[in-house]
Amino acid sequence: METFAVEDLIKRLDQLHARGPIPFYVKRGEILGILCPHGQSRQTLVAILMTTLFPVPGFAEYSALAIFEDLGDVRRRMGVVLQDPVLDPARTARENLEFHARLHGLNDRIRERRIPDAIDFFGLSGVEDAMVGTCPPVKVRQLEIARAYITHPHVLFIAEPTGGLDDPGRREIRELIRHLNRERRVTIIFTTGDMRDTEAICDRVAVMDGCEIVALDTPETFCAVMGIDGVSLGLDDIS
């Protein structure tokens with residue numbers, strides 16, 4: 001399968017004079033993928049979106065999701081899945097969900113309802129009482145997303161949703177993200193260096209070059225920019 005790197009897309013945007021910088025905004029209920037060709041840029045962007053780092057020069061911040069006047073309220077409405085797991089490998093999947101639910105202040109009644117729902121919805125039935133350290137990578141990723149969703153956030157940020165997974169695992173996580181967005185109407189933003197993720201999942205794609213969002217459009221538009229038709233976009237890990 002022919003592959004194209006994010007750098008190829010950025011070069012093509014330069015050639016067509018089809019790049020920004022442009023305002024960055026997010027539509028409620030959409031899946032927005034942010035293509036970043038370099039790992040450090042992705043880490044910086046995630047920190048900005050998580051409100052742990054203020055926008056650097058050149059980052060156009062117009063999103064209603066990033067309101068710095070009331071950080072506490074913004075943070076309560078978001079869930080975050082980092083690239084590296086924050087789960088305890090020596091505890092079961094159920095115990096990890098219980099711990100994070102308590103950490104976020106969910107009471108007994110809410111935990112009793114949400115934890116079984118998360119186990120069922122995120123495909124964890126059968127491994128809920130297994131130690132996380134013994135679970136397959138795709139189940140760990142599903143549990144990470146379930147953990148971030150346990151508070152029922154309005155917005156879910158995911159860093160590298162399919163990173164480190166084999167092809168069946170990647171397909172499973174992509175379908176889970178679509179299912180979560182469709183069934184629970186969660187706005188989902190994810191950063192990635194894999195164009196296959198954006199093509200398979202997104203309503204819109206933002207392209208990041210350095211500290212700037214330089215293009216924002218549908219996956220189909222970027223296929224047209226690359227001058228391809230019906231070819232799956234992708235690249236290996238470039239972080």
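The values are calculated or read from the model by the stated rules, or taken from the named source; none is laboratory data. All figures in this text were calculated on a predicted structure; none of them were measured in a lab. All Cβ positions, even for glycine, are placed from backbone atoms using ideal geometry, and neighbour counts span all protein chains on display.
A few points about this structure:
- Hey, Arg114 of a type in the set (Lys, Arg) and within 13 Å of Glu98 (Cβ to Cβ) or not: yes
Rundown of residues vs (1) over 30 Å from Gly164 (Cβ atoms); (2) of a type in the set (Gly, Ala, Ser); (3) modelled with pLDDT under 95, yes/no style:
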| residue | (1), (2), (3) |
| --- | --- |
| Asp73 | yes, no, yes |
| Gly79 | no, yes, yes |
| Pro85 | no, no, yes |
| Glu95 | no, no, no |
| Arg109 | yes, no, no |
| Arg114 | no, no, no |
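- Annotation note: of Ile22, Ile34, the sole residue that is assigned by TED's automatic domain parsing to the domain that holds Leu165, modelled with pLDDT under 95 and in a strand (DSSP E or B) is Ile34.
- The residues in segment 102-122 that are outside any helix (DSSP H, G or I) and crowded, with 19+ Cβ neighbours inside 10 Å can be counted, and the count is 2.
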